Every structure is written in structure tokens, then in C-alpha cells.
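Structure record follows, encoded as C-alpha cells.
The values are calculated or read from the model by the stated rules, or taken from the named source; none is laboratory data. The model shown is predicted, which means the values in this text are computed figures rather than measured ones. Quick reminder, even Gly has a Cβ in these numbers, built from the backbone with ideal geometry, and neighbours come from all protein chains shown. Side chains are part of the model used for accessible areas, which takes the heavy atoms of the whole protein and leaves out ligands, DNA and RNA. Shrake-Rupley method; radii C 1.70, N 1.55, O 1.52, S 1.80 Å.
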Amino acid sequence: MLGKDLLGIKQLTAEEISGILDLAGEMKKVVLSEDKKLDTLKGLSVVTLFYENSTRTRLSFELASKYMSSSSANITASGSSVQKGESLLDTGHTIDRMGTDVIIMRHQCSGAAAFLAKNVRASVINAGDGMNEHPTQALLDALTIKEHKGGFKGLKAAIIGDVLHSRVARSNLYLLQKMGAEVCLAGPVTLMPKDIERFGVKTYNNVDKAVEGADVIINLRIQLERQKSALFPTVREYSSVFGLNERRLALAAPDALVMHPGPVNRGVEMNSAVIDCGQSFIDEQVTNGVSVRMAVLDLLTRGKRNAVN
Amino acid sequence: MLLIKNGHLIDKLNGLDAVMDILVKDGKIAEIGAGLSADGAEVYDAAGKYVAPGLIDMHVHLRDPGYEYKEDIESGTRAAQKGGFTAVACMPNTNPVADNKAVIKYIIDRAREVGMCKVYPIAAITKGMKGEELTEMADLRSAGAVAVSDDGKPVRSGGVMQRAIKYASMFGLPVISHCEEMSLMDGGVMNEGFTATSLGLRGISPAVEEVMVSRDIIIAEHEGLPVHIAHISTRGSAELVRQGKRRGVKVTCETCPHYFTLTEEAVGDFDTNAKMNPPLRTQEDVDAIIEAIKDGTVDAIVTDHAPHHIDEKRLEFELALNGIIGLETSLPLGITKLVRPGHITLGDLIYKMSAGPAKILGLEAGEIKVGRAADLTIFDPDEKFAVDVSKFQSKSKNCPYDGMELYGKVYNTVLDGVVK
């Protein structure tokens, strides 16, 4: 059982993470079956509130809640009163007062999920807040790693790319460290946040060094929309110095997993040969996304459901 | 006539640090000494309390005209009085901007009507605070402006700053520089470093402040003219000012209580009452700011009192406005965090909150001296109290110290001989 909200990996213990992953493994069977219907969330309502565009996160939350029989609804900033200048606080209160049990929010500001959670009765799931955290992404990555590597202890994971702007990098870093993996980061120094080494990670500007012997490679999307100034000269130079290609992949452990949170900028952070190779689990990550989100929805609503029964 | 009996007078400039009486006539200090008496005088018993020169805060935002929903001259000067201030200098980032005689006169007239403390308006350096054309400084001076500043925004162009420093000097107007090199900001919302990284917030490097501090010190040095650096927050800024002073540059500076009492960790879980500009820094910076207060690098302690409505703070951290209020906690924070731990004496603290700013602004104030206006602050430095923002006089409540136990309770101020 989790607390009221899932705001970040930072707030979870290793036991809680393991619990989510175990349940997600069970949920995956439902996702892959011909009978995708559980009664778990019957009678509960789930709202997704997205201030930023999304394909996979939003859709997988939506399907996860539908597979579990909730009443679900979706709002996006572009089609709501947010356009009329309504504050997050007022939007949150409005959704809360419609009897919503779970609000799943993506927002461009770090800390927005924590802010919402403090001000609503509903459980809040952070589906990505600014550059802070994207906990369900890290959990689905973890499920993928667990399935193929059996566990985390002693694994070497390399997170590569735009670490500065990446909530995925932060959530993955916290999760992998909590589960006992060794994490290193690589990317241009202009895309590396200050003092990140204080988390106990090695950082490299040379991708080859980070990839060498890695069991897991998590490549990050170059977030051109979050970049306020030109932090690297050209996409061409980025892909040649920092992009993952066959030569670099060959430096990793022979059975290394290649992952990416999507959407991929093909030919920028990774070339198509790597994206489509046998070591790439990008598509499987998407399947695991639904499973993990089902597990999280189940665990977060248990308190509430127990109280009712 | 007012006779203040048995207060512990504290005024470093005039060597006062003993229990004595003050006799006030016609709003001015008439006599200072032990065992004074005067027939028919109203007597204020200050036994067990300290009597200091009226405190002066040379950096506040009163928000009036234009943003009266945050603060106005009445609420702001009431807050000042409650905090022990008999004078404040207010920044020009009002609406309209205080870049013309009419706004300056309005502020002075309104403050006189309210009568809680003296208000010295600071005019803008540039028209509309746009950083382009200089304001009519002769006119502003004659209307009553005591200094010029574009506070809240940097003067981006070094050339404009150089001309401002030269032009303002003709009228004896100090130039107060808000130091921020915008090209280094990159959307930063808190101090750059581990805390920002772990919260996923964009960082503000100390270089943002220090690059501009060095620019203005260098300009002042080459012109042989004064410049006053507003709200220094970093170790590097303190060192730049210290070195400048050693070289004989006419540079002065101020800092705020939050820069010697709080670190970036106060942001905690995205607390918008810990969001300000310059941002809260690290313990190393706090220690360096205290050192700079001790060794005289810092000339004045100011609040940068920046009231904001709750709706401007109850937001996502990145969207919340910068700044905190400070008038009602400044003296107690100085006593609790600087005097009680032994960093400086009470006399030093009072000096940096009265005579120090008076000297920079060229005011005949900040001293307990016969012939001077009887502006005084009566307080008990040993009395403990818990900060309660709900009882503040300020219209706004954006204060990170709510609930904190502090020493130093202000009893009254005396303004031109009248007990407030």
C-alpha cells in the first residue's frame, strides 16, 4: 500500500518500489490477455489533467484506468479553462469537487504535483512535473530491467543525454540507486545539472566511457522545447559526439538493454539501427507502462477501497 | 516635551551605551544625560529597555501607487513602525514608475498624511525602468527623491549605468544598483546547485550577481564616484565589495536578514515563501555574508520588504513572484542571528540599521544627538516572542519566518518627538 499520492521516486522506499513492480508483473498478464477487465477501480473516478502534450503516458494511464473499470475523464490545458487563465489551485479544486478519486497530472512546472496534492482530497499521481520527476516512467523502466536482468543489484546503468532538463533521468537515478544499481550519467556538460555528482554518480562528457560495460543504457530525448538557450551548437554535432550508434553500443555488455522513454528523435540521440536492433526494448517499455500504471492505481486506491468495504 | 527616562541608550556613532535619559523639545532632542527632569514633560519610562536611533530601512517596496492590493503607504509604514523603523526608503517599481516628480510628491504627501514613519522615495534611474533613457534627476531630487535605482531590474547596459553614476553625482543622488546579469539567468528560479538539481528547478548561478557587481565597481572606480550595491547575497559579491573598498573605490553595499539567516534549503518542498531574487544561497554564502557584516564590508542591513498577495505566492514555484516581507522581523532577526551568537555587538547592528543607511543616503538621521529630530526606537533585545504573520501590519503575509521564536521585541518608536 502506498500513501495518498505518488509524487516521485524520491519519496518511495526500495520495498515500496519492489511491491509496485511485483504487482505490475501480475497486471502485465491482464494487459497481454484477451480479457482486459478487472473490477479493481469500479466505482472510482480517475481524471487525467495534462498541461503538456503526451502520447504514451496519457494513453497508458487512460487505458490502465479503463482496464480496471474506473470512470475516467481527460482534460488538457489547451482545451480547458486554463486557457482562460484559471490557476492550478482553482482547476484542482474544481476537479476535486466533482468527486474525483485520482488526479493524474502532467505539468511543465517542477513541484506542480506536490502543490496540487497539498490542495486536493483526491490522490495525485505525478505523470511528469517540469524537470523534477516522472515516477511511473522510472517504474516501467525498472519493470523492463527486472524482467530481463532478474534484478538490480550490481547492474551498471548509463543514462545518456539531456540530463539537465530530464525528469526521467532524475526519477531513474533515484530508483536505480535505491534498488542497488550503479548509475553513471553522460552528456554535454552544458546539459548536466550542477552538483549532480553529489547523488553519488559518475558523470562523463565522453559517452564511450559511460557505455563501456553497461548492462542498461537509458537514452534521453533531447528536449528542444525545454531549452531556453542554445546549449549545444547543432543536432548534427550532438548526434556525432553523444548519439548512440552501433559502435558505441558494442562497448556495452553484450546483452545490454537499450531503453528510451520516447518519443525518440531518430538520428539524434540514437540512430535507427540501434532503435530497431534486438537489444532495444523501447516497444516493451510501452507495454510495461500500462502494467505499472495499473499497479500504481491499484495500490494508491487501496486505502480508500478498504475504508468503503 | 517628552522625557524618556532610564532607557539604555545605544548609539555607536556617539559613543552611547549606558542608561540615560533623553529630553525632547519641539520634536528635537534637547538634552541627553542621567537624571534629567523637566516640568510638564510627558514621561516615557524606558527602564529595562533600549533606546536606539530610529531605525532606517533604505530598501523597501511600498507598492503604492499601483499595487495597493499588495501593500500601500499606510499599511507599509505601519509595518515599518511595528518593526521599529522611523524611516524607510521606497523603491520606484510602482505603477506608474516613480520616474517623475508627480509620483515622488504623491509618496511624500501620502506618507506625511499617514504619519507612521518618514518615507524617502527612491526614483528610477531610467524612464519606465526600461534601462534606456535617464530620468530627470535634478527635477526628481528637488521633488524629494533621495537616491536613484531601477531595483527589481538590472541596468543592463554598462554605458547607461556609467552615465547614471556620473549624472546622478551632480545632484548628490546615490545610485543603487540591482545586480543581475540577465544573459546568465537562463530562467533560473533558485540558487544553482544540489538543491535546485534535486528539485528539478533551474538554477541561478552566483555569477549572475557577481558579474554585475564587478561591472559596477569597475565603473565607479574609473569615474571616482560612488555606487551602492543592493542586497548582496553571495560570498563572491562580498569579496568584490571588500576588495573594492580596499582599493579606495567609493562602493557601499547592503544585505538583508534572509541572506544571513536562511539557505537554499529553505525552499524545501517548493516553498514559494523562500523564493526571492537574489535567491537564498548556501551555508558558505551565509557565513561569508556574516563575515562581511562583521568586518565592515556591509554598510547597511535592509529588508528588501517585498509584499505579494497570497494569490501570487500560492502557485507553482516557477510561477510564484519573487520576494518576502521583512519590516516586522528585521531587528529581531539581527538580534537573534547576529548579536546573540556574538558575531557583532548590538551597537554594530543598530549602526547598520540607522547611521549606516543614513550616511549612504546623505540623511541627517540615525544618531541620538542634541539638535537632531527625535526619531528613536525603543525595544527589549532580550524579550523572546514567536513570529505570527497573522498579526502583521503588512497587507501581505509572504514571510518564511512564521512561527519562529526570535529575540528582540519592539515597544515603540518616537517620530519627531511623538511616541508611536
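Among residues belonging to segment B:306-315 that are within 10 Å of chain A (Cβ to nearest Cβ) and in contact (Cβ under 8 Å) with a residue 40 or more places away in the chain, point out the one that is most open to solvent (accessible area, probe 1.4 Å).
The qualifying residue most open to solvent (accessible area, probe 1.4 Å) is B:Arg314.
Yes/no per residue for (1) of a type outside the set (Val, Ile, Thr); (2) in contact with a His (Cβ under 9 Å, 6 or more places away or on another chain):
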position: B:Arg314; (1), (2): yes, no
position: B:Asn322; (1), (2): yes, yes
position: B:Ser330; (1), (2): yes, yes
position: B:Ile335; (1), (2): no, no
position: B:His343; (1), (2): yes, no
position: B:Ala355; (1), (2): yes, no
position: B:Lys359; (1), (2): yes, no
position: B:Glu367; (1), (2): yes, no
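Assess whether A:Lys84 counts as being within 18 Å of B:Leu315 (Cβ to Cβ), among the basic types (Lys, Arg), without any contact (Cβ under 8 Å) to a residue 12 or more places away in the chain and within 14 Å of chain B (Cβ to nearest Cβ). No, not satisfied. Just one residue in the set B:Val160, B:Val119, B:Val103 is in contact with a helix residue (DSSP H, G or I) (Cβ under 8 Å, 6 or more places away or on another chain) and either open to solvent by 10 Å² or more (accessible area, probe 1.4 Å) or more than 14 Å from chain A (Cβ to nearest Cβ) (or both); that residue is B:Val119. Of the residues A:Arg247, A:Arg266, the single one that is over 22 Å from the mean Cα position of the chain (by Cα), open to solvent by 20 Å² or more (accessible area, probe 1.4 Å) and basic (Lys, Arg) is A:Arg247.
Of everything in segment B:49-64, what is part of a loop (DSSP other than H, G, I, E, B) and either touching a residue at least 60 places away in the same chain (Cβ under 8 Å) or in contact with a Cys (Cβ under 7 Å, 6 or more places away or on another chain) (or both)? Give them in sequence order.
B:Lys49, B:Gly54, B:His61, B:Leu62, B:Arg63
Within segment B:277-298, which residues are crowded, with 24+ Cβ neighbours inside 10 Å, more than 14 Å from every other protein chain (Cβ to nearest Cβ), out of contact with any Leu (no Cβ under 9 Å at 6 or more places or on another chain) and assigned to a loop (DSSP other than H, G, I, E, B)? Correct list: B:Pro278, B:Thr297, B:Val298.
Before we move on, is B:Ala98 of a type outside the set (Lys, Arg), modelled with pLDDT of 95 or more and buried (at least 24 other Cβ atoms within 10 Å of the Cβ)? Yes, satisfied. The residue list B:Ile204, B:Ile217 contains one member that is open to solvent by less than 10 Å² (accessible area, probe 1.4 Å), more than 10 Å from chain A (Cβ to nearest Cβ) and without any contact (Cβ under 8 Å) to a residue 40 or more places away in the chain, which is B:Ile217. Name every residue in segment B:319-334 that is closer than 21 Å to A:Ala113 by Cα and crowded, with 20+ Cβ neighbours inside 10 Å, in order of residue number. The answer is B:Ala320, and nothing else.
Within segment A:32-60, being hydrophobic (A, V, I, L, M, F, W, C) and buried (at least 19 other Cβ atoms within 10 Å of the Cβ) holds for A:Leu41, A:Leu44, A:Val46, A:Val47, A:Leu49, A:Phe50.
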